[in-house]
Each structure stands twice: as structure tokens, then as C-alpha cells.
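K.L.:
Sending over a structure as C-alpha cells; questions will come in a sec.
The values are calculated or read from the model by the stated rules, or taken from the named source; none is laboratory data. Quantities reported herein were computed from a predicted structural model and do not represent experimental measurements. Backbone-built Cβ (ideal geometry, glycine too); neighbour counts: all protein chains shown. When the accessible area is computed, the model is the full protein with side chains, heavy atoms only, and any ligands, DNA or RNA have been set aside. Shrake-Rupley method; radii C 1.70, N 1.55, O 1.52, S 1.80 Å.
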Amino acid sequence: MTQNLTQNLPAQNLAKDDFRIRLLIVDDEQTIRRLCMTVGESLGFVCLEAESGDVALALLEEQPVHMVLTDMVMPRMTGLEFLEQVKRTYPRIEVAVMTGHGSVETAVQAMKLGAYDYISKPFAPLDELRLFLRRMADKVRLVEENLYLRERSETETSLHGIIGNSTGIQNVLRLISRLKDTHTPVLISGESGTGKELVARALHFRGSMANRPFVAVDCGSLVPTLIESELFGYEKGAFTGALRSKQGLLQSADTGTIFFDEVGELPLEMQAKLLRFLQEKEVRPVGSNQKVKVDVRIMAATNRDLDAEYRKGTFRKDLFFRLNVVAISLPPLRERRSDIPILAAFFLERLAPGRGVQLSSAAMKALLAYDWPGNVRELENCLERAVALGDQRIIEINDLPPSIARSDSETEMLDAPRFPGADLRTTDLEDIERATIERVFSQVKGDKVRAGKMLGISRATLYRKLKRYNIGTHEEAQPPSTLQ
Ligand SMILES: Nc1ncnc2c1ncn2[C@@H]1O[C@H](COP(=O)(O)OP(=O)(O)OP(=O)(O)O)[C@@H](O)[C@H]1O
Ligand SMILES: [Mg+2]
């Protein structure tokens, strides 16, 4: 029997409104088939019939069917054999069985093979069959409806909450659909706050491994000396303080996904160990001489330019190529400003469900003009603040943080003299921003590339802010310590 997976899978091509249950009745007795057809049709089903299991299987290859009602005792192929075949080839089709009186055992067996339920023949009164089929149809409808809704939302803009109509985001969504059911390693790159983790989660939770573990490892926050034992686990007594043995993160992710966030932060020594793991697919806990097989899908994210780093030698080239089998790159928000309105609408609805909060046109203009060094996360935070501050339905430009509110008319505002009575919030926040930049700038001894990275803002934004706050403009002439 050839498997036909396209025909009888979901009724996804049926528009919701003209969704009609398709019932297949299988019985060698014509009178029984007629009777069931009449009842099914009275419930509004499309009814099909077959006089034996093999005829029914042939029919299933050609026609979509949601539910089957089958006799148990039939020539050539028994009801149980038929049920088993259907469940194997079309797991989503619900199958109910009709049993002659006294054959409880067959009914039990059928249930074990995945039958929906059983009903005994002869049907007296007929209403019993009607009710039985109606309940079964309700279940089918519920499942189909959920599938329909899920598939519809997948094909529309949002995939696991990833919003965006820009070509950049649409390309990412397409890649996710293509990769979600594979084991291919994926390297996700993008500036801070562009949605790298969101993409990794979508790849896992939208795919066939959704109910397997998803373990995220933040390489940036792990203490270097503990990374190995965290990843590979350790045996009791492996080092001072190892009072009992502990499973490592790699093993916890077995059969699922392990996601190395900020993989560029991994020390070179650990990069070598990770590479070895990827080659051998085995872990050896610290202090143990036993190796354990671990089968995981690997994903990694970085906001650094690993391509440049491996050329410089700060990231292992061989590891880079192992991780970067498929690259997904998330464009910064300022390069896809067309996504700002729908992202804003999405966040406002999530932050204040049902309140219909909107942005005034001046506020929207400011959001569109701003550079978003912190990308989508910054937008989300900015709206959260606005919703918390404003108690009305419209977010005005004054509800936005000053740096954003100002972005529309930046130059004139910047050059305007500060009046003593100026908005206090503005001054407070600017003081904080200035102090932060000054601190970081002196920490990195005036290295603008590093300062930008530490602050999570682009070089252009950093230059703009340095100029605005008059920081480091003389750094060539002065030692950085004088910037304190
Ligand atoms: N396209 C998007 N649609 C909806 N929400 C998004 C989108 N992109 C990002 N977000 C939201 O923005 C926030 C930041 O996303 P995420 O944590 O995935 O970014 P990241 O790239 O991993 O950032 P970092 O580099 O700082 O770790 C999250 O709350 C996420 O839900
Ligand atoms: Mg992240």
C-alpha cells in the first residue's frame, strides 16, 4: 500500500466556512451502510462508502476523509487490520468501530490500536448512532479548527510572535519554515535586540522537535572557569565543592536543541572542546572517564562579526564553519523601519490588551525617525514606558523618552540652549546616559569600537552621542583618565 500523505492530512485547503465533515463508512452489509449514510447525511456530513477494507484504503488515497466508521468482521481484511493500516498511514483520521454484540474483546483491541470509540450493532435506537457520530464530528472539528488557525497564523506575518513585513523579516520567516524540521546547524547573527533568541526558539518550537528539550546557554554570562563543567557535567568529587555528580547542559538537551547565545564570548579553550563535541557527539563529564552519546541540534547566536573574528584569530575557524552551516542574519531595526508601525501595534496590544492604545502621529513620526541602537527590544521598552506613563488611549510625543521624542528634529533641539525650567525627566535621563557613556568610554580607554559594543549602540550613534555630550573630543590629546 503506497503511503499518501498529502491527501488525508489536514483539511487545510478547506476554507473554514465550507468545512464539511467527510465520513467514510466501511461495512460488507449494504443495509448497514445505507443506514449509516442516512444518519451521517442528516448531520450534514459528506458520506462515502466501501464494502471492504481494501476498497476503503484505495478510496482514502484519492479522497480526503476526516472520520471512518468501520465494521469489524469483514471478508479479506478484518476491521482490526484495516484500522491499523489507516492509523499508520493517516494518523489524523479518526476511526470508530462497529462491533457485533458480545465482542467486547475486539472493541478493547481496537481502542488499543488507536480507535476513537466503538458502538455496538444493531443500533437501537438509531438516535444512539446519531449522537455517537455527532460527538465524533465535534472532536474532529475542534482539532481541524486548531490546525486551521495555526496554519493560517503561520502563513501570515507572525511566526512564533515574529512580527514584520519587511523583506528582511519575511526572508527570515521563510528560512525558519524551511529549516524548522531539519537538524541543520544555524548561526543567527544580528545586533543586540534584533530578535536572535526569538528566531532560535521559533526554529525549535515550530518544528518537529517542539516537545523535546530546548536548552539556552548564555556564553557571555558563564564564568569561564565553570563553562566546561556546566556544559559537560561533572562527577562527584571532580573538584572541590562537587558534592554530587551533575548532568551537563549538553546532556540535558539530548534529542533536542542546544542554543549557544553570544557564542563569540566563548573562550578559545572552550571553543576547542565544543568543536570536539560536535565532531564526536559524545560528552565526558569532568572527572569521569566514561563518555556518553548525546544527539543534539546546535544553534548559535552572535552580535559580533564572527567572520571577521576568525580571520583575526579570536574565534576558531573550524568551529565557525561547523556552526555557520546556515546563516540567518537579522537586519537592525533602522534598516527596516517599515516594520516599526506593526511592531508598535503588536507591543501596544500585548502591553495593554483590549485598551486600543494608539500613537499620535507626531509620536509615530518620532519612532520612525529614531535610530534604535537597541533595536526591537528598545522599541518594546520605550512603548512599555509610554503605556505606563500615559493614562490615556493616545501616546503623545511627550510620553516617549527624550532621545527618541527628539530624533525627529534632533539638530534644532540639540543646539537649543537649555532653559532652567526644562523638562526634568529629560535632564535626568540625559545625565544618566552621559554618565554611562563617560564611564564606559574611560573603561575602554577611548576605544570607540569597544565602547560602542559595550553600550550596545552603533558606531554612528556613539559618535553622535559623544559629540552631543562633548565626551572624548580631545581624547587624542588627553589621557582617558581625565574623562572621569
Ligand atoms: N520581529 C519581532 N517581532 C516581535 N518581537 C520581537 C521581534 N524581534 C525582537 N522582538 C522582541 O524583542 C526583544 C528582544 O529580542 P531577543 O531577545 O530575541 O533579541 P536578541 O537579538 O537575542 O538580543 P541580545 O543580543 O540583546 O540578546 C524580545 O522581547 C523579543 O520578543
Ligand atoms: Mg539574546
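K.L.:
How much area per residue is accessible in region 22-152 when the probe is 1.4 Å and only protein heavy atoms are counted (Å²)?
P.N.:
With the other protein chains kept in place, region 22-152 gives 49 Å² per residue.
K.L.:
While we're here: Using packing as a proxy for protection, rank 368-377, 211-220, 235-244 so that the peptide with the highest average count of other Cβ atoms within 10 Å comes first.
P.N.:
368-377, 211-220, 235-244
K.L.:
Let me ask something else. Whose amide H sits under 5 Å from the amide H of A216, counting only residues 5 or more places off or on another chain, with H placed in the peptide plane?
P.N.:
F259
K.L.:
Quick check: pseudo-label points 7 Å beyond the Cα along Cα→Cβ at L43 and D138, how many nm apart are they?
P.N.:
My value for the distance between the label points is 1.1 nm.
K.L.:
Tabulate in residue order the Karplus-calculated ³J(HN,Hα) for region 291-297, using 6.51 cos²θ - 1.76 cosθ + 1.60 with θ = phi - 60°, rounded to whole Hz; enter x for Gly and Pro.
P.N.:
9, 10, 6, 9, 10, 10, 8
K.L.:
Go through K180/K273; K291/K312; K196/K448; K293/K317; K180/K365; K196/K465 and tell me which ones have a Cα-Cα distance over 32 Å in this structure.
P.N.:
K291/K312; K180/K365
K.L.:
Which peptide among 305-314, 437-446, 251-260 comes first, and what is the full order, when sorted by highest mean count of other Cβ atoms within 10 Å?
P.N.:
The packing order, highest mean first, is 251-260, 437-446, 305-314.
K.L.:
Going by average Cβ neighbours within 10 Å, how do the peptides 289-298, 82-91 rank, with the highest at the top?
P.N.:
82-91, 289-298
K.L.:
A further question on this structure: Using a basic spin-label model with each label point 7 Å from the Cα along Cα→Cβ, how many nm lie between R20 and E81?
P.N.:
In this crude spin-label approximation the distance works out to 3.4 nm.
K.L.:
Follow-up. For a quick check: with amide H placed at 1.01 Å from N, whose amide H comes under 5 Å from L330's, ignoring anything fewer than 5 positions away on the same chain?
P.N.:
Amide H to amide H, under 5 Å and 5 or more residues apart or across chains, L330 pairs with S189, G190.
K.L.:
Using a simple spin-label model with points 7 Å from Cα along the Cα→Cβ vector, what separation in nm is obtained for E335 and E438?
P.N.:
According to this spin-label approximation, the distance is 3.5 nm.
K.L.:
Which lysines have a Cα lying under 16 Å from the Cα of K112, excluding residues fewer than 8 positions away in the same chain?
P.N.:
K87
K.L.:
Between N398 and E62, what is 0.36 nm times their sequence separation minus the Cα-Cα distance? Round to one decimal in nm.
P.N.:
Between N398 and E62, full extension yields 114.7 nm more.
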